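Each remark here refers to the structure printed beneath this line.
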Amino acid sequence: MIVVIKDEATPQELQAIEQLMAGSESPHYTRLDGSLILSNERPLQQDTALRLLEFASVERVLKADKAYRLVSREFRPAGTIIRVGDAVFGGDEAVAIAGPCSVESEDQILRIAAEVKEGGAKVLRGGAFKPRTSPYAFQGLGERGLELLAKAREASGLPIVTEVLDAADLPLVASYADILQVGSRNMKNYKLLKAVAASNKPILLKRGMASHLEELLLSAEYIMAGGNGDIILCERGVRTFTDYARNTLDLNIVPTIKKATHLPIIVDPSHGTGIRDLVAPMSMAAIACGADGLMIEVHTEPDRSWSDAAQAISPENFADIMHKVRSLSAWRTAHEALSLTPEG
């Protein structure tokens, strides 16, 4: 069960609440959004819930019938909205995150930042620390890359998202980034998940390339149980027997996530396909099925990108995608509003 305490309870009240919740182990404590939340494995009994609600400090008591509790839709039925600069994740409009796979130079990142902003991006992406399959591939510029991202933010006004690879790097990366990305390879790096939970930054959590829905949501649960509820989920494709694309972009998960959790979800059609020509149609499909936004790799010279050149698109192609996305997003919003009317 989950018990949400709206005000600071006295030690005596907490002890009494713990006793009522008593199971095989003590409740887990989480401080979130100004509230104290206690959760445990014990099934919710009606008489127990009524007794807990007698405490003036108890706001609500919820049944916890899933392994993931705090990220479940039942915990926050209205959904979570995350604001970073002008970007609103979980709102009515789809948000675009765009930029190069890797920061290569000052001129490159400044030019791309200006181009994607003009094209409709609300957040700039760029890798300073890059996890690469080959030890000989470009690993990123490190702190220099972070410095260049900060310059691009200053010049463009766009907030920046970049990946943190290791808990030891977190203080450095967090000092520059507006959004911290936990990549596919690190979705199950629980030490890192606990570390980013302790930050005050929104987290972009990418689905592992071979991870089930519940595994993704439990990784998000690690972050939320650590006290950070500003989590943006990202579908970026899973590895299957497909031999014509880098990954299989699993868009089935988008409406499923929207039903299962209150967290916003965006889609990365660049990694999801690995093919430049597929980015536009899969972007449209992602928005049509309910995604809250997109994460797209854009480069002023796509074929000369130092990493992931095959999936990078030009700023012109990005602007064209965003023109279509805005129209589709507006149609979706109108359709959803119509379906809520009595006639709908």
- prompt: When the range 9-56 is examined, which residues are found to be hydrophobic (A, V, I, L, M, F, W, C) and within 30 Å of LYS201 (Cα to Cα)?
  reply: ALA9, LEU14, LEU32, LEU36, ILE37, LEU38
field: Checking GLY227 against (1) surrounded by fewer than 24 Cβ atoms within 10 Å (Cβ to Cβ); (2) on the phi < 0 side of the Ramachandran plot, the condition it does not meet
entry: (2)
message: So in the range 304-333, with the set limited to residues that are hydroxyl-bearing (Ser, Thr, Tyr) and outside any helix (DSSP H, G or I), which one is farthest from PRO135 (Cα to Cα)?
response: SER314
- request: For LEU20, work out the one condition from (1) part of a helix (DSSP H, G or I); (2) of a type in the set (A, V, I, L, M, F, W, C); (3) at pLDDT 85 or above it doesn't fulfil.
  value: (3)
- prompt: Which residue out of ALA67, ALA49 is more than 19 Å from ASP230 (Cα to Cα) and part of a loop (DSSP other than H, G, I, E, B)?
  reply: ALA67
- prompt: Considering the range 165-213 alone, what residues qualify as being among the aromatic types (Phe, Trp, Tyr) and closer than 22 Å to ALA87 by Cβ?
  reply: TYR176
task: Test each condition in (1) of a type in the set (S, T, N, Q); (2) under 30 Å from ILE313 (Cα atoms); (3) touching a Lys or Arg at 6+ places or on another chain (Cβ under 6 Å) for GLN108 and report the one that comes out false.
output: (3)
message: Checking the conditions here, which among ALA67, ALA128 is in contact (Cβ under 8 Å) with a residue 12 or more places away in the chain, farther than 24 Å from THR300 by Cα and within 23 Å of the chain's Cα centre (by Cα)?
response: ALA67
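Output the number of residues of the range 79-126 satisfying the condition of being part of a strand (DSSP E or B) and either farther than 18 Å from MET284 by Cα or outside the structural domain of LEU149 (by TED's automatic domain parsing) (or both). Talk me through it step by step, then tell me what you get.
Taking the range 79-126 as the starting set, the residues that turn out to be part of a strand (DSSP E or B) are 82-84, 87-89, 95-99, 102, 123-125.
Now restrict to residues that are either farther than 18 Å from MET284 by Cα or outside the structural domain of LEU149 (by TED's automatic domain parsing) (or both): 82-84, 87-88, 99, 102, 123-125.
Adding up the residues that qualify gives 10.
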task: Working only within the range 147-159, note down all residues that are without any contact (Cβ under 8 Å) to a residue 60 or more places away in the chain and surrounded by 22 or more Cβ atoms within 10 Å (Cβ to Cβ).
output: LEU148, LEU149, ALA152
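Have a look at GLY85, GLY34, GLY79 and point out the one that is under 23 Å from the mean Cα position of the chain (by Cα), within 30 Å of ILE97 (Cα to Cα) and free of Cβ contacts under 8 Å to residues at least 12 places away in the same chain. Explain how you work it out, then say what you get.
Numbers: GLY85 fails: free of Cβ contacts under 8 Å to residues at least 12 places away in the same chain; GLY79 fails: free of Cβ contacts under 8 Å to residues at least 12 places away in the same chain.
Among GLY85, GLY34, GLY79, only GLY34 is under 23 Å from the mean Cα position of the chain (by Cα), within 30 Å of ILE97 (Cα to Cα) and free of Cβ contacts under 8 Å to residues at least 12 places away in the same chain.
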task: Go through the range 49-73 and give me each residue that's crowded, with 16+ Cβ neighbours inside 10 Å and not basic (Lys, Arg).
output: ALA49, LEU52, PHE55, SER57, VAL58, VAL61, LEU62, ALA64, TYR68, LEU70, VAL71, SER72
field: Pair list, Cβ under 6 Å, 6 or more apart: the range 204-219 residue within 19 Å of THR162 (Cα to Cα), other residue among the acidic types (Asp, Glu) and not in a loop (DSSP other than H, G, I, E, B)
entry: ARG207/GLU235
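Kindly indicate which of GLU297, GLU336 is within 21 Å of the chain's Cα centre (by Cα) and at negative phi.
Values: GLU336 fails: within 21 Å of the chain's Cα centre (by Cα).
Result: GLU297 is the single residue among GLU297, GLU336 that is within 21 Å of the chain's Cα centre (by Cα) and at negative phi.
Would you point out the residue of the range 127-140, among those that are farther than 20 Å from VAL182 by Cβ and either assigned to a helix (DSSP H, G or I) or out of contact with any Lys or Arg (no Cβ under 7 Å at 6 or more places or on another chain) (or both), that is modelled with the lowest pLDDT? First the steps, then the outcome.
Here is the first cut: in the range 127-140, the ones farther than 20 Å from VAL182 by Cβ are 134-138.
Narrowing the set further to residues that are either assigned to a helix (DSSP H, G or I) or out of contact with any Lys or Arg (no Cβ under 7 Å at 6 or more places or on another chain) (or both) leaves 134-137.
Working: SER134: 87, PRO135: 88, TYR136: 84, ALA137: 87.
Applying the filter and picking the extreme gives TYR136.
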- request: Sort out which residues of the range 43-68 are under 19 Å from TYR29 (Cβ atoms) and in contact with a helix residue (DSSP H, G or I) (Cβ under 7 Å, 6 or more places away or on another chain), and write them in order of number.
  value: THR48, LEU52, PHE55, SER57, VAL58, VAL61, ALA67, TYR68
- request: Only residues that are in contact (Cβ under 8 Å) with a residue 40 or more places away in the chain, in contact with a helix residue (DSSP H, G or I) (Cβ under 9 Å, 6 or more places away or on another chain) and assigned to a helix (DSSP H, G or I): list them for the range 164-179, please.
  value: VAL173
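The values are calculated or read from the model by the stated rules, or taken from the named source; none is laboratory data. Bear in mind that the values here come from a model prediction, so they are computed numbers and not experimental data. For neighbour counting, all protein chains shown are included, and Cβ atoms are generated from backbone atoms with ideal geometry for every residue, glycine included.
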